[in-house]
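Down below is the structure, laid out as structure tokens.
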């Protein structure tokens, strides 16, 4: 008899079976006497015990009752046989349930045993799906796992599936029965999937289920703690009602599957950790020599700091340890992009075949340590270079703190040279000698001023302090003097080798601008000699440098450096707040505008004309054009500027305007 029939035939727990004695016979209804002694020679339960003993099918239990009726047995006997049949069927059902639970427990035990010796996760999951299908007696069983990256669930293992599209299904959270199980963490069952409206049907899922021919589906969640990691399914290709015990059994298999996945993940993490430890041990063994070198350089650097070594001593010590050439360079001498990248990242960076480690303090670049010809620097050696740069910055800061007093002394000496012209030259020379400055050498006086945008008074004051600090440091390294004056800084620097006042001014503007991260404009005087012998020389040179500084600012060349020699006689005309742009506009503005509108060369022709002594013939040779072209251009100039433009007074103004226009134009510098 089918299982459904057997279960429907079983009495419910609330149905009384009536009192029965040890033999199983019960009192006849209505107080009738039990069977006769002849009938009870063998009790009514005997045939059913035999059926139980040989494991007969459920329909065989009707035969003793039918036989008794055919033999004309008494109603009491038949009633007793009916009760015995019901008891026997109950016992048979209990025995089948126990055998079924024993098989389920055995399967669960075997699965747990497989987990204990887990080697291949796919093999364990396949075994779980196979046993679930076998015990539940379904056509198909399968398992899906959630994908946290894509936010859906995908098919991992199938058993009994024949459709390729079904085996490759992906379900969005909340889609289909499986998607609902994965989203809600609760088991769901349907006896007819396509007629069940509780699920969100999609064409992709329904097509896959239809290809597989599934009708009844049971899905239970795979849980790790409170997190759903997948779904375990059992499904039939016909309508079917899954029992509560079957749902619980599939849930047990799902718990084992989740444990298998968790165990496999832990094993994977453990193997990965072990592999990482092995790699770490290899790195430790491989890098032991590097670490020893790093320890050596640390000891050397500590010794250098304690005995007052300098930055070049640090570079020499690191050179020995890294087996390369390490040099300390000023900020302006190092590659700008690499130096800025090192300062921003706080690490040494590669530049071609070299490594650059910025030496900085706060936002100020003090220089760089450069390791030459080492493209493949070891990470530990790279850290060693970075720490050496840090020690270098600390040494420089310590020296700067100690040099503050010296800077003030240098400033006081320069103030005396500028203001106290009646000082004893011998005393001035002695004071300069103690500062390692030689006032008898040729010097240039430079006036420097910040030209960056000032956010407020506090920012401007801080910027001026940084400028004075950078200028003092530069003066000390160049055996010169520096002092704060007139809202900027004045420097007295010796002129060495083949250097010029212009070159010194431009280099100083660049160095100070790099140090303070703002535009610094520098005007320089002509070289002066034997300062102590000429008391007014420093003040006069400073005034000249100020005029050059004013000229640069008036011409819009902020952040640049220039000396009086760059302007010639114009340097005498550019002091103060004269309207240079207005003068140029009034004098030759019409010619400049005409060139810009028409693309002509009238300004260039004027320059050549005056440079050639106002000779059209020589002008045409200089411009490489025909003399008629020169004449036509000059005629156009006359119509723009007026007929008297070649008069001596007008010609002088026009030449001056042309010179100013050329100086103020970036393309002409």
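Since every read-out is calculated from the coordinates, none of them should be taken as a lab result. The structure displayed is predicted, hence computed values, not measured ones. Every residue, glycine among them, receives a Cβ derived from its backbone with ideal geometry; neighbour counts consider all protein chains shown.
The table below gives the values:
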| read-out | value |
| --- | --- |
| Nearest-0.05 FRET efficiency for residue 434 and residue 323, computed from C-beta distance (R0 41 Å) | 0.50 |
| Cβ crowding within 10 Å averaged over residues, with 461-470, 176-185, 274-283, 443-452 ranked highest first | 443-452, 176-185, 461-470, 274-283 |
| Per-residue Cβ neighbour rank within 10 angstrom, fewest leading, 606, 652 | 652, 606 |
| Sorted by Cβ density within 10 Å, fewest first, the residues 481, 369, 623, 267 | 267, 623, 369, 481 |
| Residue order, fewest to most beta carbons within 10 Å, for 384, 514, 477 | 477, 514, 384 |
| Mean Cβ neighbour count within 10 Å, used as a protection proxy, ranking 210-217, 347-354, 644-651 highest first | 210-217, 347-354, 644-651 |
| 11 Å reach of a label modelled at residue 380, 7 Å along Cα-to-Cβ, counting backbone N of region 255-284 | 283-284 |
